[in-house]
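Colleague: One structure, pasted below without further comment.
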Amino acid sequence: MDEDNAAPLEGAIRVDEKQLRGHIDEAVRSSVEETLNALLDAEAERICGAQRYERSADRVDTRAGHYERKLQTKAGEVQLRVPKLRNLPFETAIIERYRRREASVEEALVEMYLAGVSVRRVEDITEALWGTRVSSGTVSRLNQKIYRHIESWRNRTIEGEFPYVYLDGVILKRSWAGEVKNVSVLVAIGVGADGYRQILGVAEGQKEDLEGWRGFLRHLKDRGLKDPRLIISDACRGLVEAANEVFPETDWQRCVVHFYRNVFSQVPNSKVAEVARMLKAIHAQEDRASAEAKTKEVVTKLRTMKLPKAAELVEINAHETMTYYSFPGNHWRQLRTNNPLERIIREIRRRTRVVGAFPDGHSALMLVAARLRHIASTKWGRRRYMAMDSLLNPFREEVAA
């Protein structure tokens, strides 16, 4: 046979093989569907005590039609005709297995979504695993089911004492009347008297201003948060003012890393490394008095380096970064910065990046809250973060002495 005639013949054979496989698959699927429906009918007859339309003294119930339900099998999707009885409940192992499978699939979809998998990727994964492509609408519907649990978790009572509280916010994008606007989600985590971390709260704030932070902190207080001993955050003035108003007895620690960045904004790139070493020397001192003395040296050197704006920032604001010196020395490293919450914020940004712009602020809040709830259930919340024994002692008098 010449090559010109061989190519069309091979193509025809491949088409025939594909059609044959399709016919075989359909035959298998039809056989599975027929068998399962026969089993359901037999199960209904067993429960009723008689066959359909049979007159028998042993009959205990009668059929009342059926309803249809789809079931995914290895042979493909089949259509079940599930019998309905007039009086007795119709229960079968086939349906129970379906319900268990349906629940496990839903749990897997939600877990994938909350773990950071995009909706499009969820669709691809479900098609590869189960042979059925789950739509974005299905994922959205499943998420609505768990949002009720998230709201309950978000508004739960705060029990116990939390000496240390970290505050921060994340700016996300939302679509609003055809335009993309910013929406803030405010987050609080706390270290309890037992040394373990908890997500204390998450709420929507139109922007990180005084009113937004005031409402958020009141939300925490109304749910049971007692006055912390220390709040750690950046120098957002709305936050600081709100904290002073809602928790007037609480000290405030300005995040050292954010403070450094503020100073670096007034320093040329060629001198950032040198200035960084100078600033770190302030917070490497053994006590606050030494740190304040070192601050004066740094201010003098910055002026010598012709960096007057950086010197002014350090001179005026450095004291806000030294509050941690009044607390136990074994806590200083964790209290100097807002890093414990910054890491979580980075994770939130990674997860929300696949969404882009949210349709509204509530959907943004729900996704962030869901992710925080997921984080809280991991080893993050099960690992002791601080040894708090030293905090329970009257250390303030010892430091003052």
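The values are calculated or read from the model by the stated rules, or taken from the named source; none is laboratory data. Here the structure is a predicted model, which means the values were calculated and not measured. Every residue, glycine among them, receives a Cβ derived from its backbone with ideal geometry; neighbour counts consider all protein chains shown. Heavy atoms of the whole protein, side chains included, go into the accessibility calculation; ligands, DNA and RNA do not. Shrake-Rupley method; radii C 1.70, N 1.55, O 1.52, S 1.80 Å.
Colleague: Checking the condition of a type in the set (Asp, Glu) and within 24 Å of Trp380 (Cβ to Cβ), which residue from Asp209, Asp222, Asp227, Asp234 passes? Spell out how you get there, then give the answer.
Modeller: On the way: Asp209 fails: within 24 Å of Trp380 (Cβ to Cβ); Asp222 fails: within 24 Å of Trp380 (Cβ to Cβ); Asp227 fails: within 24 Å of Trp380 (Cβ to Cβ).
Within the list Asp209, Asp222, Asp227, Asp234, the selection yields Asp234.
Colleague: Show the residue pairs that are 6+ apart or on different chains and have beta-carbon atoms under 8 Å apart, the first residue being within region 316-345 and closer than 25 Å to Ile375 by Cβ and basic (Lys, Arg), the second being open to solvent by less than 20 Å² (accessible area, probe 1.4 Å) and in a helix (DSSP H, G or I).
Modeller: So the pair list comes out as Arg336/Val256; Arg336/Thr321; Arg336/Tyr324.
Colleague: Within region 378-401, which residues are surrounded by fewer than 16 Cβ atoms within 10 Å (Cβ to Cβ), among the hydrophobic types (A, V, I, L, M, F, W, C) and at pLDDT 85 or above?
Modeller: Quick first cut of region 378-401, residues surrounded by fewer than 16 Cβ atoms within 10 Å (Cβ to Cβ) only: 378-379, 381-384, 387, 389-390, 392-401.
Narrowing further to those that are among the hydrophobic types (A, V, I, L, M, F, W, C): 387, 392, 395, 399-401.
Within region 378-401, just Ala387 meets the criteria.
Matching residues to (1) under 21 Å from Asp209 (Cα atoms); (2) surrounded by fewer than 15 Cβ atoms within 10 Å (Cβ to Cβ); (3) not polar (S, T, N, Q):
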residue: Ala273; (1), (2), (3): no, yes, yes
residue: Leu307; (1), (2), (3): no, no, yes
residue: Arg333; (1), (2), (3): no, yes, yes
residue: Asn338; (1), (2), (3): yes, no, no
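Colleague: I'm checking my understanding of the structure. Among residues of region 344-377 that are of a type in the set (Val, Ile, Thr) and either under 11 Å from the mean Cα position of the chain (by Cα) or at pLDDT 85 or above (or both), which one is farthest from Gly329 (Cα to Cα)? Reasoning before the result, please.
Modeller: Going through region 344-377, the residues of a type in the set (Val, Ile, Thr) turn out to be 344-345, 348, 352, 354-355, 368, 375.
If we keep only those that are either under 11 Å from the mean Cα position of the chain (by Cα) or at pLDDT 85 or above (or both) as well, we get 344-345, 348, 352, 368, 375.
Numbers: Ile344: 25, Ile345: 27, Ile348: 31, Thr352: 37, Val368: 34, Ile375: 28 Å.
Only one residue tops the list, namely Thr352.
Colleague: Is it true that Ala177 is at pLDDT below 95 and open to solvent by 40 Å² or more (accessible area, probe 1.4 Å)?
Modeller: Details: at pLDDT below 95: yes; open to solvent by 40 Å² or more (accessible area, probe 1.4 Å): yes.
So Ala177 fits the description; yes.
Colleague: Restricting attention to region 85-93, does a residue exist that is modelled with pLDDT under 90 and in a strand (DSSP E or B)?
Modeller: yes
Colleague: Follow-up. From Val180, Val185, Val256, which residue is under 17 Å from the mean Cα position of the chain (by Cα) and in contact (Cβ under 8 Å) with a residue 12 or more places away in the chain?
Modeller: Values: Val180 fails: under 17 Å from the mean Cα position of the chain (by Cα); Val256 fails: under 17 Å from the mean Cα position of the chain (by Cα).
Only one candidate passes the filter, namely Val185.
Colleague: From Glu204, Glu111, grab the single residue that is assigned to a strand (DSSP E or B), farther than 18 Å from Gly224 by Cα, at pLDDT below 90 and of a type in the set (Asp, Glu). Outline the logic, then answer.
Modeller: Numbers: Glu111 fails: assigned to a strand (DSSP E or B).
Testing whether each residue is assigned to a strand (DSSP E or B), farther than 18 Å from Gly224 by Cα, at pLDDT below 90 and of a type in the set (Asp, Glu) leaves just Glu204.
Colleague: Could you grab me the full set of residues in region 220-269 that are closer than 14 Å to Leu200 by Cβ and open to solvent by 40 Å² or more (accessible area, probe 1.4 Å)?
Modeller: Answer for region 220-269, where residues must be closer than 14 Å to Leu200 by Cβ and open to solvent by 40 Å² or more (accessible area, probe 1.4 Å): Lys221, Asp222, Lys226, Asp227.
Colleague: To continue, here is another question. Within region 272-301, track down each residue that is in contact (Cβ under 8 Å) with a residue 12 or more places away in the chain and aliphatic (A, V, I, L, M).
Modeller: Hits for region 272-301 are Val275, Ala276, Met278, Leu279, Ala281, Ile282, Ala291, Val298, Val299.
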